[in-house]
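Peer 1: Sharing a structure below in structure tokens format, with a few things to ask.
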Amino acid sequence: MIEKNPDYIIQYWVGLMDGDGSVQVNILRKKVLQYRLVIKLRNDCEKRNISLLEKIQKTIGGGVKVEKSQKNVIWVENHKKKIYEIISHFEKYPPLTSRLFFQLQFLKECIKKQDINWYLQNRNKKYNLSPKPEYILLKNTNGYERYKRWISGFLECKASFTCKSGSSNKISFSISHKGEAVLLQQISQFFGAKTKSFLYMNSKQKKLFKENLETKKATSIVEDQQGINILEIYNKDVLQNVISHCTLYPFYGEKNKSFLLFFKKFYKRY
């Protein structure tokens, strides 16, 4: 079974890290550098995200805990030797978001230098220290094959399946993420969509655009003024491709619930 394959879980974990994870370097008592790997997800009432992170814990390591507020569940690894082992997975499956790429490079430099002064001088420059990563998803067809499991992990954090009731009865699939327009473009192409990018529209322009989008059943990437990119898909054939992918490479967390509802709505309509 797929879920018993450790390599599948590792690739899924990289997608989660790209979506809602972080690679952190902090300083303790002004003397010691502390390294942490973290994923934070919503603590849903059915505990699906807890179950997901426990799969990560079993396969990769780390620990799982629920915040005192009960709102979020966190996977975290903060043991230095274990972190060295875990980040080796990124050698085989590199992060695809520039945010995680830069965080990982900064951690590696801190490990290499073991210099608190260097850390203090560069911690606010971490996103400018290294050349920007290549978006490797579309380098070749093998890139797609290799990152299908990553896509499911990333969608677990960043995708929305929408089923509107009433007269509109519209269904759609969307991904929202800060920055990373090129990556979203590649994901849309992976699903067979032809996309257009629209930058910095005001609310009136965006409303008009979305009305046209839904009428034409098109696909778009919209970036708002906070730099949040939103990929939206309404096209029936492209939605079918999304469903096929998510069936072959299933979700392990809360996202599976909304996907199954979307699945039923889609086939009821079409």
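The values are calculated or read from the model by the stated rules, or taken from the named source; none is laboratory data. In this text the structure is predicted, and so the values were computed from the model without any measurement. With ideal geometry, Cβ positions are generated from the backbone for all residues, glycine too; neighbour counts draw on all protein chains shown.
Each row is one residue, and each column tells you yes or no for (1) farther than 26 Å from Trp75 by Cα; (2) at pLDDT 70 or above; (3) of a type outside the set (Lys, Arg).
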site: Gln103; (1), (2), (3): no, yes, yes
site: Cys110; (1), (2), (3): no, yes, yes
site: Thr141; (1), (2), (3): yes, no, yes
site: Arg146; (1), (2), (3): no, yes, no
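Peer 1: State all residues of the range 1-19 that are surrounded by fewer than 18 Cβ atoms within 10 Å (Cβ to Cβ) and in contact with a strand residue (DSSP E or B) (Cβ under 8 Å, 6 or more places away or on another chain); if no residue qualifies, say none.
Peer 2: Answer for the range 1-19, where residues must be surrounded by fewer than 18 Cβ atoms within 10 Å (Cβ to Cβ) and in contact with a strand residue (DSSP E or B) (Cβ under 8 Å, 6 or more places away or on another chain): there is none.
Peer 1: A follow-up question, please. Residue by residue through the range 27-69, note down the ones that are farther than 26 Å from Lys113 by Cβ and small (Gly, Ala, Ser).
Peer 2: Ser51, Gly63, Ser69
Peer 1: Only one of Leu41, Leu37 is of a type in the set (A, V, I, L, M), under 16 Å from Ile10 (Cα atoms) and modelled with pLDDT of 95 or more; which?
Peer 2: None of the other options fit; the residue is Leu37.
Peer 1: Out of the range 164-197, which residues are closer than 11 Å to Leu231 by Cα, among the β-branched types (Val, Ile, Thr), at pLDDT 75 or above and not in a helix (DSSP H, G or I)?
Peer 2: Ile175
Peer 1: Also, quick follow-up: Among Lys55, Lys40, which is the only one that is touching a residue at least 12 places away in the same chain (Cβ under 8 Å), out of contact with any strand residue (DSSP E or B) (no Cβ under 8 Å at 6 or more places or on another chain) and surrounded by 15 or more Cβ atoms within 10 Å (Cβ to Cβ)?
Peer 2: Step by step, each of Lys55, Lys40 is checked, and only Lys55 is touching a residue at least 12 places away in the same chain (Cβ under 8 Å), out of contact with any strand residue (DSSP E or B) (no Cβ under 8 Å at 6 or more places or on another chain) and surrounded by 15 or more Cβ atoms within 10 Å (Cβ to Cβ).
Peer 1: Pull out all pairs, ordered by first then second residue, where Cβ-Cβ is under 8 Å, the residues are six or more apart or on different chains, the first lies in the range 79-96 and is surrounded by fewer than 17 Cβ atoms within 10 Å (Cβ to Cβ), and the second is of a type in the set (Phe, Trp, Tyr) and modelled with pLDDT of 95 or more.
Peer 2: Pairs found: Lys80/Tyr35; His89/Trp13.
Peer 1: Looking at the structure I just gave you, is Glu67 charged (D, E, K, R), surrounded by 17 or more Cβ atoms within 10 Å (Cβ to Cβ) and within 18 Å of Ser22 (Cα to Cα)?
Peer 2: no
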